[in-house]
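Single-structure report; data block below.
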Amino acid sequence: MALRLFRLRKKQVYLILTFGLILAVVYEVLKMTSIGSKSLLHIASAIMFMNINIGIYASYLNKIKRSIIYYLVTAIFIPLLLFFSSSFHADLSLFIIELAAVCISWILISPHIDEMIKYRLSLIIYSVIIVINIETDHLWRTEKWILIANDILPIIYYSILLLIFIERFLTMFQSVVDSSLIDGLTGLYNRKAISARIKQCVEKGGCVIVFTDIDNFKQLNDTLGHHAGDAALKTVAEILQEETDEIGFPGRYGGEELIAVIDDKDTISRIEEWAENFRSRVERESNVTLSIGFSISRNGISPEKLLEQADLGMYSAKRSGKNKIVAYKDELDTEGIKD
């Protein structure tokens, strides 16, 4: 679902941006070849600016109606003003409209942009470009620094916009990836990601699966409410994340069951000590306890079997008193623990 929404928004934004960038190319060609009149250049510049900023707005917000209304109303007035005005008034009107579009962007769009400083800097630069292109005293227009600025500022302007778009799409892409791999409640990896990690670790050899279950979790939900259960689950998840930092891969397998896939050789050699430290931390720092089972990978053991063995260890801990750790042993297969 998240990926489909991302694709829809991406197509929408690409369409708007493509139109804006085509206008930008047209504008630059007209400016370099001197084919277009001053008014025509103003029109191309204004509409280009509107479309690019609609694209920026659309990349951050699902609804773009407000920005489209403001910008398109402005765009409609451009030809009307040209039609009813003299050339002098048209140039002045276009200058005012372009500055108005910049102000609208500053007020309505920039608060919604993560890269607000970069975006506002681009608006300032664009305003300077507008001022430089005003028909003014010929001597002022031929100053060397004005000519240099007139060539360099558009490059800086488009570079900043490009940087904003790249950063935004990278963020959007990362969000989609995270939503497919991360559990929304705990922030740990989800079952799909955990299963892939277990397979990868078993193929490489040398890992241990630690399977944990929060004791009396249903009772906690029934007596104190689901918000209390969620809070306890988040607390345990935070502790697990801290304890597996740089040594393993923490995840939520389902419900109140959490998993750690540990591939650090030193930790594997003292896995019972690590598991006990994790269990005791949860007991001290939360209002719940854990039943923990673990199984160390061995030659010929499939990822599914290794996970099942850790699960059997956890159920053995639950049935023999809870709040304890049980290492998988072969005899657990014949005990019928889960029956």
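The values are calculated or read from the model by the stated rules, or taken from the named source; none is laboratory data. The model shown is predicted, which means the values in this text are computed figures rather than measured ones. Reconstructed Cβ throughout: ideal geometry from the backbone, glycine too, with neighbour counts over all protein chains shown. Keep in mind that these areas ignore ligands, DNA and RNA; they rest on the heavy atoms of the full protein, side chains included. Shrake-Rupley method; radii C 1.70, N 1.55, O 1.52, S 1.80 Å.
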query = Are any residues in the range 300-329 in contact (Cβ under 8 Å) with a residue 40 or more places away in the chain, more than 25 Å from Thr235 (Cα to Cα) and assigned to a loop (DSSP other than H, G, I, E, B), and if so, which ones?
reply = Ile301, Ser302
Hits in the range 245-267 - residues which are in contact with a Ser or Thr (Cβ under 9 Å, 6 or more places away or on another chain), of a type in the set (A, V, I, L, M, F, W, C), closer than 18 Å to Gly206 by Cβ and surrounded by 18 or more Cβ atoms within 10 Å (Cβ to Cβ) = Ile259, Ala260, Val261, Ile262
ask   = Quick check: is even one residue across the range 234-244 under 21 Å from Gln309 (Cα atoms), among the hydrophobic types (A, V, I, L, M, F, W, C) and open to solvent by less than 50 Å² (accessible area, probe 1.4 Å)?
value = yes
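Mind listing whichever residues of the range 282-299 are closer than 19 Å to Val236 by Cβ and hydroxyl-bearing (Ser, Thr, Tyr)?
Within the range 282-299, Ser286, Thr289, Ser291 qualify.
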query = When the range 196-212 is examined, which residues are found to be closer than 26 Å to Arg281 by Cα and in a helix (DSSP H, G or I)?
reply = Arg197, Ile198
ask   = Is it fair to say Leu139 is modelled with pLDDT of 80 or more and either in a helix (DSSP H, G or I) or not aliphatic (A, V, I, L, M) (or both)?
value = no
task = For the range 216-229, indicate whether the set of residues that are out of contact with any Ser or Thr (no Cβ under 7 Å at 6 or more places or on another chain) and within 18 Å of Gly313 (Cα to Cα) is non-empty.
result = yes
task = For Glu246, indicate whether it is among the acidic types (Asp, Glu) and farther than 29 Å from Ala58 by Cα.
result = yes
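Being among the hydroxyl-bearing types (Ser, Thr, Tyr), in contact (Cβ under 8 Å) with a residue 60 or more places away in the chain and open to solvent by less than 20 Å² (accessible area, probe 1.4 Å), is that true of even one residue in the range 191-206?
Checking the range 191-206: not a single residue is among the hydroxyl-bearing types (Ser, Thr, Tyr), in contact (Cβ under 8 Å) with a residue 60 or more places away in the chain and open to solvent by less than 20 Å² (accessible area, probe 1.4 Å).
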message = Being modelled with pLDDT of 75 or more, of a type in the set (Ser, Thr, Tyr), under 33 Å from the mean Cα position of the chain (by Cα) and exposed (fewer than 13 other Cβ atoms within 10 Å of the Cβ) narrows it down to one residue among Ser110, Ser159, Ser127; which is it?
response = Ser159
